[in-house]
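The values are calculated or read from the model by the stated rules, or taken from the named source; none is laboratory data. All values derive from a computational prediction rather than experimental measurement. Glycine gets a Cβ as well: all are built from the backbone with ideal geometry, and neighbour counts include every protein chain shown. With ligands, DNA and RNA removed, areas are computed over all heavy atoms of the protein, side chains included. Shrake-Rupley method; radii C 1.70, N 1.55, O 1.52, S 1.80 Å.
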Amino acid sequence: MDLIEQTLLDQLNQHPADLPGLWIADENLIGLASLTPRPGLTLLTNRFDVYQAAQEKGWEVRYSDFDLSPWPEGSLQRIYYRVSKEKAVVHHLINQAALRLAPGGQLQLFGAKQEGTKTYFDKARKYLGDGQLNKLGKGGFFGELSRGEQLIGEPLDDRDYPRLRRIDDDFISKPGLFGWDKLDAGSALMVEQFDSIWPRLSQPTPKVLDLGCGYGYLSVKAFRQGVESIRATDNNAAAVMACRQNFERLEIPGDVVADNCAAGINERHDLVLCNPPFHQGFSVEGELTDRFIATAARLCNRDGLAVFVVNRFIPLERKASSHFGKIETLADNGSFKVLLLSQPKKG
């Protein structure tokens, strides 16, 4: 636990039980989701794994795409928030926090210098009215912002965060998703291989699982290739919402599930598609790729296939060798590589 997280932990543990408060937690705070609940404090998260961990500890917790509408304006006395990776998310949450705080209520911001925390603090102070920024050492900051009787500035530009919007003829997406406003080059490279993958399947119309679906690009392309069924799953609430909307718009009779790396899925599939995340918040996290590979092996039929696309520097071949008997490179364009994994080892 770094100094930023330790300071946040200290502040949460000191939360007065008689003050209505909100802790906003995203992927940066997965390790803190097992904290003992605090009276008067609710946890809001856009991560299904954080939601599950908090539920198990007995927190009052909500899972959504950072929707603060359940809290009436002026109803909260204290909000705790470690800044997120994407600027539109941070701006959205500062704007919403300012509206939900009662006069005299406090927004506490936590983050590192390289994460833009000082800039976010300065913008928030202009909007709320007053604040103090504390240095934590090694580039960390802890900001305490107080709302006045009236908001004195303009809301921050959050790129109309809640709105789903079209990014091309087929897909809609929104801020809060990785690469939300473009077609991912790695996923596009995988789709280029579909004509060579489908003839190798044991079933001409396979049962497909899109593992870490985002807004549903791979699912839609697979459906058009021909499938018996398709299931898409993601941890991120914005991804689940966008994927469901794309399925509905394009009349795809698939199933979109919020889950933590498909932990709640047990049905096996003929084909697992995955463009795995390798960042967790601001950090590169190699363990994420390992988990997605292990899940793909668990959910593949014995004669099923898993197809992964990853950045070229990720040693997926080595990582996958303990879970699959055969590993083939289907494409490598110098930036991304597409790997076909077969003969899953069930342990």
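Points worth noting:
- If you go through region 102-119 and keep only what is closer than 15 Å to TYR81 by Cβ, open to solvent by 10 Å² or more (accessible area, probe 1.4 Å) and not in a helix (DSSP H, G or I), you end up with GLN106, GLY116.
- Count - residues of region 6-48 that are open to solvent by 40 Å² or more (accessible area, probe 1.4 Å), at pLDDT below 90 and either among the hydrophobic types (A, V, I, L, M, F, W, C) or within 27 Å of LEU177 (Cα to Cα) (or both): 4
- Contact annotation: residue pairs with Cβ atoms under 7 Å, 6 or more positions apart or on different chains, pairing a residue in region 259-279 that is touching a residue at least 40 places away in the same chain (Cβ under 8 Å) and under 18 Å from CYS243 (Cα atoms) with a partner that is of a type in the set (A, V, I, L, M, F, W, C) and part of a loop (DSSP other than H, G, I, E, B), are ASP259/ILE265; PRO277/PHE178.
- GLU251 meets each of the listed conditions (1) without any contact (Cβ under 8 Å) to a residue 60 or more places away in the chain; (2) loosely packed, with under 15 Cβ neighbours inside 10 Å; (3) farther than 27 Å from ASP170 by Cβ apart from (3).
- Every residue from region 217-242 that is touching a strand residue (DSSP E or B) at 6+ places or on another chain (Cβ under 8 Å) and assigned to a loop (DSSP other than H, G, I, E, B): VAL227, GLU228, ASN235
- Here GLY264 meets each of (1) touching a Ser or Thr at 6+ places or on another chain (Cβ under 9 Å); (2) of a type outside the set (Phe, Trp, Tyr); (3) at pLDDT 95 or above; (4) surrounded by 14 or more Cβ atoms within 10 Å (Cβ to Cβ) with one exception, condition (4).
- Within region 179-201, at least one residue is more than 18 Å from LEU330 (Cβ to Cβ) and touching a Lys or Arg at 6+ places or on another chain (Cβ under 8 Å).
- Of note, THR205 satisfies the criterion of being surrounded by fewer than 16 Cβ atoms within 10 Å (Cβ to Cβ), of a type in the set (Val, Ile, Thr) and not in a helix (DSSP H, G or I).
- In region 289-347, the residue that is least open to solvent (accessible area, probe 1.4 Å) out of those that are in a strand (DSSP E or B) and among the acidic types (Asp, Glu) is GLU328.
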